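All remarks here apply to the structure that follows.
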Amino acid sequence: GSSGQKTGSRDARKAFEEALTTQGGELAQLRADLRQRLGLRKLLELRGDPAPTDDDLEAAYAVDPTRWGTPRTATVEGYLARAAPSAPAHVRAQALAAAQGFAEAVPGGNPEQLGRGHGMTRVPKFEVNARSVEPQLATAAFGLSPGQWSQPLQTNAGWVVLRLIEIKPGQARPLCEVRDQVEQEWVNRRRLTQQQEILAELRARAKIVSLKW
């Protein structure tokens, strides 16, 4: 009885020591990552906060003034062949084939009949723009003429074929009204650039030692 207890105790201790070793390795990696982050933050602080000039802000604003107001928007409708990205390959392939068949036939056919024939779901009209969750839909819609149908487009819900109804032009707000927003984005981008520059400098200074066994 006592020998069994000793064996169980040794096994438990061994498992405990292995857990400590594993945890120690993980903690060491976490500490190294933390030191790197703190060091990078310190270097960024030494460089000081970036401060844009008026010319910087005007240039950032001029890239797309409607970004700071109402973006250009497309009103579309369509038909969807459902297939989630996680669906089996044959299901996704069938959905794509259905959408392709619909897209080929719909310019000269009845969309409702073709949708039913290809097992597709009608999508009532909705709006898309560059800020949408799936901006590729807006990109495709902006390339269409009113009434024109798109080629099949992959989405998180499956393959969709869109028809453009209309495009509403974007409306810009003057820089004086959105100056704080433009400045904050400029600062965020500049900080990211500084971080990348510091990392590049650190990598360039690092010594690479080649070990020959």
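The values are calculated or read from the model by the stated rules, or taken from the named source; none is laboratory data. For clarity, every value in this text was computed on a predicted model and none was experimentally measured. All Cβ positions, glycine included, derive from the backbone under ideal geometry; neighbour counts span all protein chains shown. The protein model used for the area step is the full one, side chains on, heavy atoms only, and it has no ligands, DNA or RNA in it. Shrake-Rupley method; radii C 1.70, N 1.55, O 1.52, S 1.80 Å.
Do we have any residue at all in segment 100-117 that's open to solvent by 70 Å² or more (accessible area, probe 1.4 Å) and under 25 Å from the mean Cα position of the chain (by Cα)? No: zero hits. Scanning segment 144-170 for residues being loosely packed, with under 12 Cβ neighbours inside 10 Å and in contact with a strand residue (DSSP E or B) (Cβ under 9 Å, 6 or more places away or on another chain) gives a total of 4. Each residue in segment 66-95 was checked for being farther than 30 Å from V182 by Cα, open to solvent by less than 70 Å² (accessible area, probe 1.4 Å) and in contact with a helix residue (DSSP H, G or I) (Cβ under 7 Å, 6 or more places away or on another chain), and 4 of them qualify. Checking each residue in segment 137-156 for being farther than 16 Å from A103 by Cβ and at pLDDT 95 or above picks out A138, T139, F142, P146. In segment 44-65, the qualifying residues are those that are modelled with pLDDT of 90 or more and among the hydrophobic types (A, V, I, L, M, F, W, C), and the one that is surrounded by the fewest Cβ atoms within 10 Å (Cβ to Cβ) is A62.
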